[in-house]
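The values are calculated or read from the model by the stated rules, or taken from the named source; none is laboratory data. Every value quoted in this text rests on a predicted model; they were computed, and no experiment measured them. Cβ sites come from the backbone with ideal geometry, for glycine too, and all protein chains shown count toward neighbours. With ligands, DNA and RNA removed, areas are computed over all heavy atoms of the protein, side chains included. Shrake-Rupley method; radii C 1.70, N 1.55, O 1.52, S 1.80 Å.
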Amino acid sequence: DFGPQGVATGYDQVNEAVETLLKTDHTYRTLVIDSLDHLEPLIWAYICAKEKKETIDKFGYQEGYNTAALEWRVFLKRLAQLRSEKNMSIVLIAHNQQRKVDDPEYGQLDRHDLKLHPKSAGVVAEVVDCVFFAKHKINVRKEEKSFGATRNRGIDTGERVLVTTGGPHYLAKNRYNLPNEINLNYSAFTSALAESKKPKQETVANG
């Protein structure tokens with residue numbers, strides 16, 4: 001059984017739900033995991049109970065986090081089964097966090113990343129087809145200051161968008177050649193996805 005408001009309180013519950021979707025006939029077409037950073041401590045608790053450790057830090061150096069990263073691969077593989085065998089769309093939601101990274105071109109900067117342990121975040125980002133970063137769209141306006149100086153000011157438009165391509169400040173990717181930004185709604189994503197899958201028209205030159 002799930003806890004209050006249908007929130008999973010154990011990793012076993014999540015696995016049982018996925019197993020039920022795999023082994024039974026149903027009409028569900030989309031599975032949403034909300035959120036990955038809520039699921040991560042459940043995976044840690046599952047591993048600790050299995051290995052009889054008090055906390056994930058009680059393993060050898062990085063061993064607990066390596067084991068958790070392997071469990072993420074197992075879990076994501078089962079979700080891939082749902083997609084292939086049950087024709088389900090899989091949506092994984094995660095909060096973000098800022099990390100300091102050393103970029104060879106830009107130096108040290110703040111980067112928005114998945115709110116997971118770096119090893120697990122790396123596995124998730126590697127395996128899934130798309131990683132999108134949701135943000136408010138900002139327009140930059142140049143303002144005059146004293147003595148002829150200027151400054152750039154960001155103006156929040158109120159429009160929410162999904163960044164689909166990574167850069168120095170955002171973790172994002174897609175395998176479908178999507179536009180760099182799309183509106184933050186599911187219909188905009190499916191439309192962009194359908195457009196990306198259309199065969200490219202060849203240009204024939206008559207001479």
For segment 91-127 the number of residues that are of a type in the set (Asp, Glu) and open to solvent by less than 40 Å² (accessible area, probe 1.4 Å) is 1
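Rundown of residues vs (1) open to solvent by less than 70 Å² (accessible area, probe 1.4 Å); (2) in contact with a His (Cβ under 6 Å, 6 or more places away or on another chain); (3) closer than 24 Å to Ala172 by Cβ, yes/no style:
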{"position": "Arg29", "(1), (2), (3)": "no, no, no"}
{"position": "Asp34", "(1), (2), (3)": "no, no, yes"}
{"position": "Lys50", "(1), (2), (3)": "no, no, no"}
{"position": "Thr55", "(1), (2), (3)": "yes, no, no"}
{"position": "Tyr61", "(1), (2), (3)": "no, no, no"}
{"position": "Lys77", "(1), (2), (3)": "no, no, yes"}
{"position": "Ala80", "(1), (2), (3)": "yes, no, yes"}
{"position": "Ser89", "(1), (2), (3)": "yes, no, yes"}
When (1) modelled with pLDDT under 95; (2) in contact with a Lys or Arg (Cβ under 9 Å, 6 or more places away or on another chain) are applied to Leu36, the one that fails is (1)
Exercise. For segment 152-162, does any single residue satisfy the condition of being within 30 Å of Asp110 (Cα to Cα), of a type in the set (A, V, I, L, M) and modelled with pLDDT of 90 or more?
Worked result: yes
Here the residues within segment 157-181 that are part of a strand (DSSP E or B) and of a type in the set (S, T, N, Q) are Thr157, Asn174
Over segment 86-108, the set of residues over 17 Å from Ala121 (Cβ atoms) and of a type in the set (A, V, I, L, M) is Met88, Ile90, Val91
The strands (runs of 3 or more DSSP E) lying wholly within segment 42-123 that contain at least 2 residues that are closer than 18 Å to Asn15 by Cα, more than 14 Å from the chain's Cα centre (by Cα) and aromatic (Phe, Trp, Tyr) are none
Residue pairs qualifying under the 6 Å Cβ cut-off, at least six apart or on distinct chains, with the first in segment 65-79 being under 18 Å from His38 (Cα atoms) and touching a residue at least 60 places away in the same chain (Cβ under 8 Å) and the second being open to solvent by 40 Å² or more (accessible area, probe 1.4 Å) and not in a helix (DSSP H, G or I), are Leu79/Ile90
